C-alpha cells in the first residue's frame, strides 16, 4: 500500500482482512471514516456545537475568508469584502478574545472587495480581490488588478510609511507588493517563499504569481514579478461567490473550488511547459501561458447535491468544502469519496471561507449573517 492510506476503503468496509508476519489473515474492526466537527455521520446540528466567534459587533460587514496567523497563536484574520477591511481576533474563541478592525490607507485598490486570504512565508500573507479596479466606484473598471502581498506584523499592516510616501508622492498604504494580471480574483493559496496560486475569475484561469523580492512597505516597483497562467478557459467564476484554493505541499497538487462548473478540480502543478507570452500590464514582469498542464475533476457537485462550492480546506486526507448555495459543509477523501456532510443554519449565499487544522473543529465565515462560526463535535 502507498504511503497515503486510501481513506476510501474506510468508507466501505467495517471488517478488513490484514495479513500479518505469520501469513495468517486476521479480522480487524475498522470504523467508517467520519468528521466529528460535522456530527460524525449524524448529519444533524444536534450532534455539533456551533459557536459564534465574531459578529457585526466586531466590525464584520461581509466576511468572505479567514485564516490563522501561523506565527501568532490564536490570531485569526478575517477579510471583509464590502468595506475592504480586515478584522483581527486575538485569542480567537478563547477566554481573552478581543477584536480589531483595520482598513489600509489605500485599500480601495490593494484590498478592494477581497475574496480570499492566504498566509505565506513568515509574517506575510496574500489577498485576492474580486474587483475590476474602480477605486471603490470612482471610475470605470480598468482591470489593473490582481493579488496583493502584505505584512502580518500589526505594527506595519494598515499603516502609512512616510519614507515611501515621500518617494512615491502618494500614500500607497502598507502593501508589500502587488501584481496586476488577474482581475476578479476569487481564491488564493500559498506555495512557497512569495509564490501564490490564484483563481483568475476574469480570464477563467489558474495563475501562479511569484512576487520574488517584495518592494517594501508602500512602494510600487513591481518589475520582478513572474506570472504564469494555466488551463485558461477551464474554470468559471460566479459573481459574489469566492472560489477558494488549497495547495498540497506533499504532492504539489492544487485543489480548486470551481464554483461556476460545480466541481472540485485538481491541478498537477508539476506538469505543463511554458507556452506563448501574454500581454503584460507592467514593464519588467514576465507573463506567459503554460501549456499541457494536467487537471482533472475530483468531485462533481451534482452527484451529491452540491450547488456552489466556495470555501475549501485540506486536513490530511480530507477535503472540506463549503456550499454557498445550500449552506452545507461537505467532506470528501482526496480520492473523491464522500465522507460526511452537515447543513448549517445559515442563509443561502452566506457560507464562504473555511479553515481547519483538524477534523474536530471547523471555522467558517457567514457573509450574510456577518459572522464567523466555529463548529465542533459534541
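The values are calculated or read from the model by the stated rules, or taken from the named source; none is laboratory data. Given the structure is predicted, the values throughout are model-derived calculations rather than measurements. Note that we place each Cβ from the backbone using ideal geometry, even for glycine, and neighbour counts take in every protein chain shown.
Structural remarks
- Residues (surrounded by fewer than 20 Cβ atoms within 10 Å (Cβ to Cβ), in contact (Cβ under 8 Å) with a residue 40 or more places away in the chain and assigned to a loop (DSSP other than H, G, I, E, B)) located in segment 183-230: 193, 202, 216, 219, 220, 223, 224
- Highlighted here are the strands (runs of 3 or more DSSP E) found entirely within segment 319-366 that include at least 3 residues which are touching a strand residue (DSSP E or B) at 6+ places or on another chain (Cβ under 9 Å) and within 20 Å of residue 117 (Cβ to Cβ): 351-355, 361-366.
- Residue that is nearest to the chain's Cα centre (by Cα), among those in segment 135-160 that are in a loop (DSSP other than H, G, I, E, B) and buried (at least 20 other Cβ atoms within 10 Å of the Cβ): 147
- Residue that is surrounded by fewer than 22 Cβ atoms within 10 Å (Cβ to Cβ) and part of a strand (DSSP E or B), where the choices are 100, 71: 100
- Contact map, segment 145-169: residues that are closer than 27 Å to residue 68 by Cβ paired with residues that are in a helix (DSSP H, G or I) and modelled with pLDDT of 95 or more, Cβ distance under 7 Å, separation 6+ or inter-chain. Pairs shown: 148/110.
- Residues of segment 340-372 satisfying the condition of being over 15 Å from the mean Cα position of the chain (by Cα) and closer than 16 Å to residue 47 by Cα: 340, 341, 342, 343, 344, 345, 359, 360, 361
- Residue within segment 294-316 that is farther than 22 Å from residue 188 by Cα, modelled with pLDDT under 95 and in a loop (DSSP other than H, G, I, E, B) present: no
- Output for segment 115-134, where each listed residue is farther than 11 Å from residue 77 by Cβ and in a strand (DSSP E or B): 115, 116, 124, 126, 128, 129
- Qualifying residue in segment 36-51 (condition: touching a helix residue (DSSP H, G or I) at 6+ places or on another chain (Cβ under 7 Å) and at pLDDT below 95): no
- Members of segment 321-343 that are touching a residue at least 60 places away in the same chain (Cβ under 8 Å), crowded, with 19+ Cβ neighbours inside 10 Å and closer than 23 Å to residue 62 by Cβ: 321, 324, 329
- Qualifying residue in segment 272-287 (condition: crowded, with 21+ Cβ neighbours inside 10 Å and outside any loop (DSSP other than H, G, I, E, B)): no
- Residues of segment 231-245 classified as outside any loop (DSSP other than H, G, I, E, B), in contact with a helix residue (DSSP H, G or I) (Cβ under 6 Å, 6 or more places away or on another chain) and farther than 27 Å from residue 105 by Cα, total: 1
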